[in-house]
Amino acid sequence: MPQRAADGGARTRDTHEAPLHFAAEGGAEGAARALLAAAPASAGAVDRAGRTPLFAAALANREPLLPLLAGAAGSRGVDAPDGRGRSPLQACLAYATCRPATAKALLALGAGAGHCDAEGGGLLDAAVAGDRRPADKAFLVRYLVGEAGLDARGGCAGGGAARPPPPLLVAAEAGAKEVVAELLEGGGGVAARGGVGARALLAAVKGGHFEMAVSLLAAGVDPSEEAAGAGASAMDAARDARAPDMIKLLGAAAAKRAARAA
């Protein structure tokens, strides 16, 4: 049985979705225009998850509807967050079913690149920690850092002390060498600074990810630096694992560093 909401629109009892949510999710542009004409405030309606019709359209990859919903009189804006504090763009980046084209469309409409969710995470954090394949994540990282200008270290404006682990560490612990390479390439090595690189290299060594270790060393990570909170360096881990190829790689990198410092 539909219910009536404060904005005058009908709502489903279970999900609290308005008719405009269904039109947006289904890509029914004609129906969406008619609903907005009849009840402009419905553009700002939220379901039980805190999602607006624009949010629903974004997750369903209904790019043609995004400008209509964003520009509607009752719209809460392109960054109106859900109940977890995520913007439509942030949620889109995290879900494998949301196309990169939708993310680009939201950015073109003015979606905030510095948006923070309730946990202090930003757009890059969402993209790297999401459920996409590593190759797809690498594509998004290349776009977000290289074209949209996001900081390769992740985080967001006004995120405060609370924030998720840095994208580089998340990617390294997941064994996503393509993502690590893009973060290092796009960020000019800045993603590996501040102790994050030592932790990422330790994760690469423990996981046996040789190519990833090569990328991190090339970015300037010190193989002898103790990883914060781990009480061990990458070289320590390689020796413990009795991994001769990794020991040789790290040893050569340490020798080069020592030669440059001499």
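Go through the range 131-143 and count every residue that is outside any helix (DSSP H, G or I) and either surrounded by fewer than 20 Cβ atoms within 10 Å (Cβ to Cβ) or touching a residue at least 60 places away in the same chain (Cβ under 8 Å) (or both).
Step one: list which residues in the range 131-143 are outside any helix (DSSP H, G or I), which gives 131-133.
If we keep only those that are either surrounded by fewer than 20 Cβ atoms within 10 Å (Cβ to Cβ) or touching a residue at least 60 places away in the same chain (Cβ under 8 Å) (or both) too, we end up with 131, 133.
Residues that pass the stated criteria total 2.
Does residue 152 fit the bill of being without any contact (Cβ under 8 Å) to a residue 40 or more places away in the chain, buried (at least 21 other Cβ atoms within 10 Å of the Cβ) and in a loop (DSSP other than H, G, I, E, B)? In short, yes. For residue 175, the conditions (1) assigned to a helix (DSSP H, G or I); (2) modelled with pLDDT of 90 or more all hold with the exception of (1). Under the condition of being part of a helix (DSSP H, G or I) and of a type in the set (Asp, Glu), the residues counted in the range 23-59 number 2. Taking the range 214-235 as the range and being assigned to a strand (DSSP E or B) and either in contact with a His (Cβ under 6 Å, 6 or more places away or on another chain) or among the polar types (S, T, N, Q) (or both) as the test, only 233 passes.
Sub-8 Å Cβ pairs linking a first residue in the range 97-108 that is free of Cβ contacts under 8 Å to residues at least 40 places away in the same chain and β-branched (Val, Ile, Thr) to a second residue that is surrounded by fewer than 21 Cβ atoms within 10 Å (Cβ to Cβ) and in a helix (DSSP H, G or I), at least 6 apart or interchain, are 97/59, ordered by first then second residue.
Look at the range 25-39: where a residue is on the phi > 0 side of the Ramachandran plot and a partner is assigned to a loop (DSSP other than H, G, I, E, B) and at pLDDT 95 or above, sitting 6+ places away or on another chain with Cβ atoms under 9 Å, you get 27/60; 27/61; 27/62. When the range 1-42 is examined, which residues are found to be modelled with pLDDT under 95, within 20 Å of residue 59 (Cβ to Cβ) and in contact with an Asp or Glu (Cβ under 8 Å, 6 or more places away or on another chain)? Of everything in the range 1-42, those that are modelled with pLDDT under 95, within 20 Å of residue 59 (Cβ to Cβ) and in contact with an Asp or Glu (Cβ under 8 Å, 6 or more places away or on another chain) turn out to be 11, 15, 16, 17, 18, 42. Taken over the range 29-59, the criterion of being closer than 21 Å to residue 97 by Cβ and surrounded by fewer than 17 Cβ atoms within 10 Å (Cβ to Cβ) is satisfied by 29, 48, 49, 50.
Okay, residues lined up against (1) within 21 Å of residue 187 (Cβ to Cβ); (2) modelled with pLDDT under 90; (3) part of a loop (DSSP other than H, G, I, E, B):
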| site | (1), (2), (3) |
| --- | --- |
| 102 | no, no, no |
| 110 | no, no, yes |
| 145 | yes, no, no |
| 156 | yes, yes, yes |
| 163 | yes, yes, yes |
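Among the residues that make up the range 200-210, is at least one of them among the hydrophobic types (A, V, I, L, M, F, W, C), touching a residue at least 24 places away in the same chain (Cβ under 8 Å), within 25 Å of residue 130 (Cα to Cα) and surrounded by fewer than 17 Cβ atoms within 10 Å (Cβ to Cβ)? Yes, the range 200-210 contains a residue that is among the hydrophobic types (A, V, I, L, M, F, W, C), touching a residue at least 24 places away in the same chain (Cβ under 8 Å), within 25 Å of residue 130 (Cα to Cα) and surrounded by fewer than 17 Cβ atoms within 10 Å (Cβ to Cβ).
Considering the range 186-203, the residues that are in a loop (DSSP other than H, G, I, E, B) and over 20 Å from residue 140 (Cα atoms) include one that is modelled with the highest pLDDT, namely 195.
Quick check on the range 85-98. Is at least one of its residues surrounded by fewer than 18 Cβ atoms within 10 Å (Cβ to Cβ) and either among the basic types (Lys, Arg) or part of a helix (DSSP H, G or I) (or both)? Even if it seems obvious, please write down each step before you answer.
Of the range 85-98, the ones surrounded by fewer than 18 Cβ atoms within 10 Å (Cβ to Cβ) are 85, 95-97.
Filter once more, keeping what is either among the basic types (Lys, Arg) or part of a helix (DSSP H, G or I) (or both): none.
Among the residues of the range 85-98, not one is surrounded by fewer than 18 Cβ atoms within 10 Å (Cβ to Cβ) and either among the basic types (Lys, Arg) or part of a helix (DSSP H, G or I) (or both), which makes the answer no.
The values are calculated or read from the model by the stated rules, or taken from the named source; none is laboratory data. Computed from a prediction, not measured in an experiment: that's the story for all the values here. Backbone-built Cβ (ideal geometry, glycine too); neighbour counts: all protein chains shown.
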